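Note sheet for the following structure.
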């Protein structure tokens, strides 16, 4: 219910900005198009950030309820790096695992660890140079 209440207003703004940009209510002049485009882009970022916060709150709930197991870090890193590479913005993400990592395991919930690693890799991919290695 909270997710619905939190996300509804910005999603409505996002939809209205899209309608404006598609000339649903008549043609816009250049200044109006730039403004509507900025509004749309900013609301889109806000919605994405809110969705991440909601996903993180769900993760925290899951972590409180889960019993940690022994999770191989390298396996989770490789799987999540492959997942991030498939996203349009980061096809060239290169993951370099140190030799001393080997079969290192941590006591964690695997889904929770994957979520955290995926978010770190996502942020790195957004900030790294085009051919940067992680």
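We did not get these values from a lab; they are worked out from the coordinates using the rules stated. A quick note: this is a predicted structure, and the numbers were derived from the prediction, not measured. With ideal geometry, Cβ positions are generated from the backbone for all residues, glycine too; neighbour counts draw on all protein chains shown.
Annotations for the structure displayed:
- Rounded FRET efficiency, nearest 0.05, which uses the C-beta distance separating residue 124 from residue 44 and R0 of 22 Å: 0.55
- Cα-based Rg / Dmax (Å) for region 2-65: 15.6, 54
- Measuring r between the beta carbons of residue 111 and residue 32 and using R0 = 30 Å, the FRET efficiency lands at 0.10.
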